[in-house]
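The values are calculated or read from the model by the stated rules, or taken from the named source; none is laboratory data. If you're wondering where the values come from, they're calculated on a predicted model, not measured in any experiment. A quick note on method: Cβ atoms are made from the backbone with ideal geometry, for glycine too, and the neighbour counts reach across all protein chains shown. Side chains are part of the model used for accessible areas, which takes the heavy atoms of the whole protein and leaves out ligands, DNA and RNA. Shrake-Rupley method; radii C 1.70, N 1.55, O 1.52, S 1.80 Å.
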Amino acid sequence: MSHALAGQFPVDHSARLLRNYRYAAERSMRALGGWIALTPELPAKLLLGRHVWDLAQHADAFGRRLPELRAQAQTSEPPNARLVAFMDALEEPEQPHQTVERLVGVYRVLKPHVLAVYLDHLGRANPVYEPPTRRILLRCVEDERRHIAAGEVILRHLVRTPALVERASVWQGRLEGLVAAAGGATGDGLPGAPPPAAGPALELVDDALEWIRLAETVIEWPISDDLRVALASFGAALVARDEAALGRWLAPEVVWDDAARAPLHGATFARHDIVAFSRVGRQCLVKVRLDGPTAAATLLSRWAPSEAGWRVAALEVARVDAGRPDLPRR
């Protein structure tokens, strides 16, 4: 056999590590949640809000694993008082003008360290003996990489002056010294730095880029030429009730059966208009209005890029109103 039927970590030691991990996840979750209301910059506020949920899932997963290791469920434990002092220092910046310090502490110190700890544990955990712990760690590693990439995008957006660069560097140095003095999240010393990764994939930072665009008060999202063509054909198919043409734009998972079409039964339409458009990551939310002599309908659609081009990933009839033929048409 290539693997011994025993783990590198005794059961009680594994349980202690998971309590340590849960402590770091729980404390950082509480910090991020508390900072949302204190953070005036919209991209940073959205960043913190998005990652609170992931951290709650990490803490819960570690806590649910503990009884399987003959330990009390949902228990957190710092390895030593020095790690508590590090987390206390991480939470110190509470003034509205200290967003940079808050993000630096989490995304340039805590999360890179935690990622290294998880990867070190994965490298030593027996894949035969410890698959449940490995599955939890793999999910956490994926999330932490995504968090770090998004956090770095927001930090580079905010840290634009030499003074801010200096502030970020000083604060990072202070916190790195504290976490090193604590022996890291487990008290067992700092793991080696993970191998440098390639630049973050677009999907890891796409949401962060959208949050920055939101903060810059985009009045109208630009619609790409290929999507504009797809939307025109899609709208024309809806007006003409051409199911074959409409089906060309629907992703395989979209259900557009008699029940889904029922609200439009008996109505005829003469025109279609895009009345709302927004982007969420790489996908687009589009509200389409159909107007006719006796009815008007509003459809909500979500468009996603695919190898075949833009396709409707979700579609529903949101509202159907009686038409107002007495009113002039635009």
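Figures for the structure shown
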read-out: Elements of type helices (runs of 4 or more DSSP H) contained in segment 194-255, each with 3 or more residues being crowded, with 16+ Cβ neighbours inside 10 Å, at pLDDT 65 or above and under 20 Å from the mean Cα position of the chain (by Cα); value: 202-215
read-out: Residue in segment 82-93 that is modelled with pLDDT of 95 or more, more than 20 Å from residue 52 (Cβ to Cβ) and charged (D, E, K, R) present; value: yes
read-out: Residue pairs meeting the criteria (Cβ under 8 Å; at least 6 apart or on separate chains; first under 13 Å from residue 23 (Cα atoms) and touching a residue at least 12 places away in the same chain (Cβ under 8 Å), in segment 76-104; second open to solvent by 70 Å² or more (accessible area, probe 1.4 Å) and not aliphatic (A, V, I, L, M)); value: 79/188
read-out: Whichever residue in segment 122-138 is under 22 Å from residue 182 (Cβ atoms) and at pLDDT below 95 and, among such residues, is most open to solvent (accessible area, probe 1.4 Å); value: 124
read-out: Single condition residue 73 does not satisfy, out of (1) without any contact (Cβ under 8 Å) to a residue 12 or more places away in the chain; (2) farther than 26 Å from residue 133 by Cα; value: (2)
read-out: Search result, residues across segment 139-179 that are acidic (Asp, Glu) and open to solvent by 30 Å² or more (accessible area, probe 1.4 Å); value: 142, 152, 166, 176
read-out: Residue list for segment 271-287, filter: open to solvent by less than 80 Å² (accessible area, probe 1.4 Å) and part of a loop (DSSP other than H, G, I, E, B); value: 281
read-out: Check on residue 78, in a helix (DSSP H, G or I), open to solvent by 40 Å² or more (accessible area, probe 1.4 Å) and modelled with pLDDT of 95 or more; value: no
